Amino acid sequence: MKGPLFYSKILLFGEYGIIEDSKGLSIPYNFYKGTLKVSENPSNEAIKSNESLLRFASYLSQMQKDKPELVSFDLAALKNDVASGMYFDSSIPQGYGVGSSGALVAAIYDKYATDKITVLENLTREKLLKLKTIFSNMESFFHGKSSGLDPLNSYLSLPILINSKDNIEPTGIPSQSVDGKGAVFLIDSGIVGETAPMVTLFMESLKDNGFRKMLKSQFIKYTDDCVENFLHGDVKSLFANTKKLSKVVLSHFKPMIPEQFHQVWQKGIDTNDYYLKLCGSGGGGYILGFTQDIDKAKESLKDYKLEVVYQF
């Protein structure tokens with residue numbers, strides 16, 4: 001048995017902001033993927049994944065009892081497959097902000113939801129929001145509070161524009177220019193990030209009046225501007241706003257940035273060779289970079305391995 005592939009995602013803009021209704025832009029990242037599988041000789045990884053699926057299956061049966069109107073699964077088939085050793089075979093690194101649990105949630109929904117909304121039908125806003133709610137409830141099993149966007153992105157394999165909590169739509173993004181010098185890239189921090197503690201930290205900060213003000217007047221404003229600039233291909237404004245965003249994150253989200261990257265972060269702002277921002281909840285995993293000249297950025301960051309995600 002081998003199911004269809006589900007891809008990782010990158011939230012280009014909107015980390016933390018979308019919790020407070022900023023815009024966001026999430027794109028599929030096909031470099032990493034995962035699929036449901038059963039194998040004759042499972043590895044240790046496969047056995048661990050299978051054990052996690054067993055717990056997930058019982059969570060889903062409880063969820064179905066609590067919210068029968070939201071979604072129903074063929075739980076008998078799911079439990080049967082898990083009993084025969086099914087696992088999620090995935091190259092998506094966990095705790096890296098590229099949606100490892102999202103791809104798994106999408107795969108389970110795709111295979112076991114009984115009355116599922118499919119990618120092929122006309123995706124109205126209502127259907128998208130319903131999917132997002134289902135996915136948010138499913139993914140909460142993995143890290144407390146989930147927006148449901150990661151699984152949605154993985155399930156649809158389309159860029160998604162988040163206008164606000166209740167207004168999301170598939171969107172087109174400017175096509176890549178393969179020989180363009182501008183790029184979005186990932187840096188591996190070498191540390192696994194835990195989503196839940198980072199989100200808790202953010203929620204705690206929100207109790208502070210000054211932090212909330214900064215969030216609205218700076219963080220969300222620059223995030224919204226970046227999304228607009230990116231979608232309209234306004235590269236000059238995009239870099240100006242990404243620089244502002246990078247500064248705000250370094251000042252106000254320091255605990256989410258691994259310590260050994262504080263200086264690297266500042267160096268980008270000082271030299272304009274690149275600008276860094278959080279990828280997902282931070283605390284480790286990947287860091288997202290934007291540069292107008294990828295060769296310059298590679299030279300400036302020669303101690304790190306850069307993975308180019310998108311070229312301007």
* Asked: Which distance in nm do the two modelled labels at F211 and K181 give, with both placed 7 Å along the Cα-to-Cβ direction?
  -> 4.0 nm
* How big is the shadow of the Cα convex hull of the stretch 129-173, averaged over all directions, in nm²? -> 3.1 nm²
* Structure fact -> Quick calc, D188 & K254: beta-carbon distance into FRET formula, R0 25 Å, rounding 0.05, result 0.80
* **Mean Cβ count within 10 Å, highest first, over the residues of peptides 7-16, 134-143** => 7-16, 134-143
* **Reduced Cα scattering model of the stretch 253-312, Debye log10 I(q)/I(0), q = 0.14, 0.16, 0.19, 0.30 Å⁻¹** => -0.36, -0.47, -0.67, -1.49
* To do: May I ask for the Rg/Rh ratio of the stretch 140-223, computed from Cα atoms with Rh as the Kirkwood radius, given to two decimals?
  => 1.01
* To do: May I ask you to compute the full-extension gain from S84 to K247, defined as 0.36 nm times their residue separation minus their alpha-carbon distance, rounded to one decimal in nm?
  => 53.6 nm
* Asked: Got a sec to turn the phi values of the stretch 295-305 into Karplus ³J(HN,Hα) couplings, 6.51 cos²θ - 1.76 cosθ + 1.60 with θ = phi - 60°, whole Hz, x for Gly and Pro?
  -> 5, 4, 4, 5, 5, 5, 10, 5, 7, 10, 8
* Rank F312, F88, F219 by accessible area, highest first, at a 1.4 Å probe radius? -> F312, F88, F219
* Asked: Tell me, what is the Rg over Rh of the stretch 34-148, with Rh the Kirkwood radius over Cα pairs?
  -> 0.96
* Structure fact -> Quick numbers on the stretch 1-47, Rg and Dmax over C-alpha atoms in Å, give 16.1, 47
* Asked: What is the total of Lys pairs in the stretch 197-253 with C-alpha atoms under 23 Å apart, excluding same-chain pairs fewer than 8 positions apart?
  -> 16
* Asked: Angle, helix 235-252 long axis vs. longest principal axis of the chain, Cα atoms, 0 to 90°, nearest 10?
  -> 80 degrees
* Find how many whole Å separate the alpha carbon centroid of the stretch 152-199 from the alpha carbon centroid of the stretch 46-90. => 27 Å
* To do: Starting from the Cα-Cα distance between S91 and E228, subtract it from 0.36 nm times their residue separation and give me the gain in nm to one decimal.
  => 46.2 nm
* To do: Report the label-to-label distance for E40 and H262 in nanometres (one decimal), using points 7 Å from each Cα along the Cα→Cβ vector.
  => 5.5 nm
* Which value, in Å to one decimal place, does the Kirkwood hydrodynamic radius take for the stretch 179-312 when every pair of different Cα atoms is included? -> 15.2 Å
* Please identify which residues in the stretch 286-312 have an amide N closer than 20 Å to a label point set 7 Å out from the Cα of T271, following the Cα→Cβ vector. => 287-309
* Which of the peptides 151-164, 241-254, 188-201 is most tightly packed, and how do the rest follow, going by the mean number of other Cβ atoms within 10 Å of each residue? -> 151-164, 241-254, 188-201
* Asked: Of all accessible surface on the stretch 268-312 at a 1.4 Å probe, what whole percent is carbon and sulfur?
  -> 41 percent
* Give me the accessible area per residue for the stretch 1-111, probe 1.4 Å, as a whole number in Å². => 44 Å²
* Over the stretch 107-253, what per residue volume does the convex hull of the Cα atoms give, in whole Å³? -> 161 Å³
* Asked: What order do you get for 29-35, 181-187 when each peptide is scored by the mean count of other beta carbon atoms within 10 Å, highest first?
  -> 181-187, 29-35
* Structure fact -> Per residue convex hull volume, Cα only, the chain, in Å³ is 137 Å³
* Asked: Where the accessible area of the stretch 87-215 is counted over protein heavy atoms with a 1.4 Å probe, how much of it, in %, is carbon and sulfur?
  -> 51 percent
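The values are calculated or read from the model by the stated rules, or taken from the named source; none is laboratory data. Note that the structure is predicted; figures quoted are calculated from it, not measured. Positions of Cβ are generated from backbone atoms using ideal geometry, with glycine treated the same way; all protein chains shown enter the neighbour counts. Calculation scope for accessible area: heavy atoms of the full protein, side chains included, ligands and nucleic acids excluded. Shrake-Rupley method; radii C 1.70, N 1.55, O 1.52, S 1.80 Å.
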